[in-house]
Amino acid sequence: MKKILIYLLGSLLLLSISLNLFQYSSTANTQKILDKLCADETARLRSELLEARNSQSNSLQTQYLISQLRPYPTPSYQVSSPYESITPTA
């Protein structure tokens, strides 16, 4: 009777250890999946941020170049129009 009781207690202990290991293993696997999902999301957000920064930089660079190249003429000083008469008409 004593041997059976010891055997049952040993079996329960092994079962308890096995269940704890299974729970730890499933928790660890779940954590690995969550870590992978978070890493993927972080990588996606970083690439979107980099794309937005590059787009903004390109836009600013384009605005700067357009302002410096000036697609319209800017006179260095004002002159009278050759098509106006010397005395302005009212």
Between Leu34, Leu19, which is modelled with pLDDT under 70 and surrounded by 10 or more Cβ atoms within 10 Å (Cβ to Cβ)? Leu19
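Mind listing just one residue for me: the one in the stretch 38-90 that is among the small types (Gly, Ala, Ser) and in a loop (DSSP other than H, G, I, E, B) and, of those, modelled with the lowest pLDDT?
It comes out as Ala90.
The values are calculated or read from the model by the stated rules, or taken from the named source; none is laboratory data. Predicted model only: the values in this text are computed from it and were never measured. Glycine gets a Cβ as well: all are built from the backbone with ideal geometry, and neighbour counts include every protein chain shown.
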